[in-house]
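The values are calculated or read from the model by the stated rules, or taken from the named source; none is laboratory data. Please read all numbers here as calculations on a predicted model, not as lab measurements. Virtual Cβ from ideal backbone geometry, glycine too; neighbours counted across all protein chains shown. The protein model used for the area step is the full one, side chains on, heavy atoms only, and it has no ligands, DNA or RNA in it. Shrake-Rupley method; radii C 1.70, N 1.55, O 1.52, S 1.80 Å.
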Amino acid sequence: ALPICQHRCAAVIEAGKPIDIVLIIGVPRDTRTTLDQGRTRTAGDYLSMEGHVNTNSLAAAANYAWQYRARGMLAQGSASRAMKSEVMRFVADNPGLARSLSLFNVKQGWGLGGLSFLAFCHFVISGVGRPEDVDTFFIALTEGVNLGRGHPALYVRNRMMTLSNDRVQNAKAELIFRAWNAWRKGETMDKIWLQGGVLPVLE
């Protein structure tokens with residue numbers, strides 16, 4: 001088979017079913033340098049085709065959530081990320097993620113891990129807490145107003161502002177998870193010793 005068709009041909013052979021294709025021959029040889037120069041489609045592009053909005057952020061949030069479910073933590077490096085097909089499947093199977101994303105804006109995400117990261121944390125915590133409680137906690141975290149000394153959301157908000165590097169997303173998630181657990185139990189907080197690795201169990 002021609003190089004440009006070999007993957008499709010292999011798929012047809014494996015499936016054992018014929019397909020209709022368009023094959024163009026006689027194209028000038030010098031076009032080789034300009035073929036396939038388009039930008040590779042991202043998971044966000046595919047989500048947009050499915051009718052979703054804010055798709056790049058939604059794809060990033062799905063990647064975080066997939067990592068958390070698969071490994072219990074947010075790992076570093078491209079090898080640890082979800083594949084495009086896994087992102088698509090996760091969004092389709094978990095419509096609540098889009099709802100979580102819709103609650104935040106880019107400004108709120110500044111210093112707190114970003115829009116997609118906040119949506120991921122809200123989505124995951126929504127799996128254990130009442131919706132109104134989760135929303136209240138995240139309003140406190142993102143706005144930081146009228147919070148007394150020792151309030152877990154205030155402590156974590158101030159602490160996260162010092163962790164500006166995107167490579168520390170797992171540490172930020174640990175802070176938010178521990179703050180949620182404390183807030184839900186009515187505890188105050190003035191220090192968190194980060195453990196790293198697998199994220200705390202949400203209560």
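Mean separation of Cα pairs under 8 Å and 6 or more residues apart, divided by the residue count, gives the chain a relative contact order of 16 percent. All C-alpha pair distances within the chain, sorted into 10 Å bins from zero, spread as 8, 29, 28, 14, 10, 7, 3, 0 percent across the bins.
Compactness of region 44-118 was expressed as the Cα radius of gyration divided by 2.2 N^0.38 Å, which yields 1.04. Among the lysines in the chain, how many pairs, 8 or more places apart or on different chains, have alpha carbons under 26 Å apart? Counting lysine pairs in the chain gives 5. Highest mobility in the GNM of the chain, judged by mean-square fluctuation with C-alpha springs under 10 Å and restricted to Ser102, Ser78, Ser126, is found for Ser78. Shown here for region 141-203: chymotrypsin sites (Phe, Trp or Tyr not before Pro) in loop regions (DSSP other than H, G, I, E, B) with at most 13 other Cβ atoms within 10 Å, namely Trp193.
Accessible surface calculations at 1.4 Å, restricted to protein heavy atoms, place the chain at 63 Å² per residue. Based on Cα contacts under 8 Å between residues 6+ apart, region 38-110 shows a relative contact order of 30 percent. Using the empirical formula 2.2 N^0.38 Å as the baseline, the Cα radius of gyration of region 84-174 reaches a ratio of 1.11. May I ask you to give the percent of accessible area on the chain that is carbon plus sulfur, with a probe radius of 1.4 Å? With neighbouring chains kept in place, the figure for the chain is 53 percent.
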